[in-house]
Amino acid sequence: MAIKVVYDMSAAAGQGDAFSRALADLAAAVRPLPGCNGVDILRKQDTAEQFLFVESWQSNDAYS
């Protein structure tokens, strides 16, 4: 069964853009892992420091 893992993260005040770049680097490292179906980075429009990092995995075993 496919699963999604959601991380709700906040950057320090004024550091939203730098945090966004760091999350993009993290996503690039996670995407090629065996069993990973993809990664999405969502940024709240009205709060530039608030993010969701969403990983999609083929199964719980693939995530572990």
Which value in nm describes the separation of the simple spin-label points at ALA24 and ALA2, placed 7 Å from the Cα toward the beta carbon? 2.6 nm
Can you give me the angle between helix 16-30 and the longest principal axis of the chain, using Cα atoms only, in degrees from 0 to 90, rounded to the nearest 10? 10 degrees
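Mind ranking 30-36, 19-25 by how tightly packed they are, going by the mean number of other C-beta atoms within 10 angstrom, highest first? Write out the running numbers ahead of the final one.
Details: 30-36: 12.1, 19-25: 13.9.
Ranking, from highest mean packing down: 19-25, 30-36.
Given a cut-off of 16 Å, what percent of all Cα-Cα pairs of the chain lie beyond it? Before the final figure, lay out the partial values.
Details: 928 of 2016 pairs.
Value for the chain (Cα pairs over 16 Å): 46 percent.
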Zone residues, the stretch 9-25, relative to ALA48, backbone N less than 12 Å from point 7 Å out along Cα-to-Cβ: 13-20
Carbon-plus-sulfur fraction of the accessible area of the chain, 1.4 Å probe, in percent? 53 percent
In Å², and per residue, what accessible area does the chain have when probed at 1.4 Å with the other protein chains present? 66 Å²
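What number, rounded to the nearest 500 deg cm²/dmol, is the helix-based mean residue ellipticity at 222 nm of the chain, given -39500 (n - 2.57) per DSSP H run of at least four residues and division by all its residues?
Working: 2 runs with 19 residues, N = 64.
Rounded to the nearest 500, the figure is -8500 deg cm²/dmol.
The values are calculated or read from the model by the stated rules, or taken from the named source; none is laboratory data. All values derive from a computational prediction rather than experimental measurement. In this analysis, Cβ positions are derived from the backbone assuming ideal geometry, glycine residues included, and neighbour counts consider all displayed protein chains. Accessible surface is based on the protein model in full, side chains and every heavy atom, while ligands, DNA and RNA are left aside. Shrake-Rupley method; radii C 1.70, N 1.55, O 1.52, S 1.80 Å.
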